[in-house]
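The values are calculated or read from the model by the stated rules, or taken from the named source; none is laboratory data. No experiment lies behind these values; they were computed from the predicted model shown. As a convention, Cβ positions derive from the backbone with ideal geometry for all residues, glycine included, and neighbour counts pool all protein chains shown.
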Amino acid sequence: MNIKLQRPIVFLDLETTGLNLTTDRVVEIAMIRVNTDGGKVVKRKLINPERNIPEESSAIHGITNDMVKDAPVFRHVANEVKQFMDGADLAGYNSNKFDWPMLAEEFLRAGLEFDINGKVLLDVQKIFHALEPRTLKAAYSFYCNKDLENAHSASADVMATWEVFEAQIARYPQLGDTLETVLKIVGEDDIVDFARRIVRENGKEYFNFGKHKGKAVADVLKAEPSYYDWMMKSEFPLHTKLKLTEILNRSLLNSKLK
């Protein structure tokens with residue numbers, strides 16, 4: 001194994017009904033848990049999204065409504081998926097912008113919080129784009145000298161992502177051989193909410209959209225309390241609403257302590 005892991009790392013790839021975090025659902029989840037000794041455990045499940053899979057989505061990942069009609073719904077496997085990730089750092093390909101945000105929404109709908117505090121979130125795509133901008137299929141060909149068959153199958157994509165990451169560590173000595181040294185090169189996302197409606201700068205949260213873009217969240221909520229109510233009633237991802245509520249509660253507590 002080319003990387004020295006201080007704790008296990010779980011690579012994730014999802015196939016979904018579409019790309020909208022609030023309205024689309026997972027139809028397939030594939031994960032590889034790589035342990036510190038290099039041992040790997042693979043888990044893959046088809047998921048019944050409890051809604052129609054559009055033909056255009058099926059054309060991409062090959063999963064049809066008939067294939068998932070007898071599969072479990074996400075809330076029935078949520079604890080199993082969560083336990084698979086316990087004590088591990090998290091990784092994937094373009095995962096920080098899509099897979100982990102989508103999974104967080106599914107967890108929250110199932111009544112489980114997806115806590116990323118203290119976890120490394122490694123996006124293998126960021127290494128690739130920083131050093132060899134391409135797609136996963138091209139990355140697999142470039143780094144592994146193999147053709148990626150069954151692209152957009154979650155199982156094939158997640159295994160290819162792990163192989164690409166291992167090959168990147170071997171190819172680029174400047175990346176070092178730990179997650180910490182890798183992140184020094186590619187940077188680490190300071191995520192507030194996965195949808196990035198809220199961003200953090202110098203330890204303070206700011207809105208990243210709309211009429212209050214660039215304004216401190218706590219300041220806006222204090223001056224315009226109705227903005228919180230509007231966001232909670234509007235079609236924002238559940239993870240965004242969760243983090244907005246955390247900021248509001250923290251602000252209220254700080255006000256009482258002053």
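One residue stands out in the range 24-41 among those that are touching a residue at least 60 places away in the same chain (Cβ under 8 Å) and among the β-branched types (Val, Ile, Thr): the one that is nearest to residue 79 (Cα to Cα), namely 29. Within the range 42-76, restricting attention to residues that are in contact (Cβ under 8 Å) with a residue 12 or more places away in the chain and polar (S, T, N, Q), the residue that is surrounded by the most Cβ atoms within 10 Å (Cβ to Cβ) is 57. Residue pairs whose Cβ atoms lie under 7 Å apart, sitting 6 or more positions apart in sequence or on different chains, and linking a residue in the range 79-103 that is in the same structural domain as residue 17 (by TED's automatic domain parsing) to a partner that is among the basic types (Lys, Arg) and assigned to a strand (DSSP E or B), are 84/33; 84/43; 88/33.
Could you tell me whether residue 236 is out of contact with any His (no Cβ under 8 Å at 6 or more places or on another chain), in a loop (DSSP other than H, G, I, E, B), surrounded by 11 or more Cβ atoms within 10 Å (Cβ to Cβ) and not β-branched (Val, Ile, Thr)? Considered against the rule, which asks whether it is out of contact with any His (no Cβ under 8 Å at 6 or more places or on another chain), in a loop (DSSP other than H, G, I, E, B), surrounded by 11 or more Cβ atoms within 10 Å (Cβ to Cβ) and not β-branched (Val, Ile, Thr), residue 236 comes out as yes.
Listed by first and then second residue, the pairs linking a residue in the range 232-251 that is farther than 20 Å from residue 25 by Cα to a residue that is among the hydroxyl-bearing types (Ser, Thr, Tyr) and surrounded by fewer than 20 Cβ atoms within 10 Å (Cβ to Cβ), with Cβ atoms under 6 Å apart and 6 or more places separating them unless they lie on different chains, are 248/228. Residues in the range 143-167 that are more than 24 Å from residue 29 (Cα to Cα) and crowded, with 17+ Cβ neighbours inside 10 Å: 143 only.
Do the conditions hold for residue 116, that is, is it assigned to a strand (DSSP E or B) and either closer than 22 Å to residue 179 by Cβ or out of contact with any Ser or Thr (no Cβ under 8 Å at 6 or more places or on another chain) (or both)? Taking the combined requirement at face value, the residue does not satisfy it. Give the range 195-219 a look and list any residue that's β-branched (Val, Ile, Thr) and either in contact with a Ser or Thr (Cβ under 9 Å, 6 or more places away or on another chain) or outside any strand (DSSP E or B) (or both), or say none. Scanning the range 195-219 gives 198, 217. For the residues 215, 241, 233, the requirement of being under 19 Å from the mean Cα position of the chain (by Cα), not hydroxyl-bearing (Ser, Thr, Tyr) and not assigned by TED's automatic domain parsing to the domain that holds residue 110 singles out 241. Of the residues making up the range 1-17, those that are more than 15 Å from the chain's Cα centre (by Cα) and within 25 Å of residue 75 (Cα to Cα) are 8, 17. Restricting the range 178-194 to residues that are in a helix (DSSP H, G or I) and among the aliphatic types (A, V, I, L, M), the residue that is surrounded by the fewest Cβ atoms within 10 Å (Cβ to Cβ) is 185. If only residues of the range 41-74 that are under 22 Å from the mean Cα position of the chain (by Cα) and hydroxyl-bearing (Ser, Thr, Tyr) are counted, the one that is nearest to residue 16 (Cα to Cα) is 57. Scanning the range 116-131 turns up no residue that is of a type in the set (D, E, K, R) and exposed (fewer than 15 other Cβ atoms within 10 Å of the Cβ).
Within the option set 217, 199, 182, being touching a residue at least 24 places away in the same chain (Cβ under 8 Å), of a type in the set (A, V, I, L, M, F, W, C) and within 20 Å of residue 100 (Cβ to Cβ) holds for one residue only, 182.
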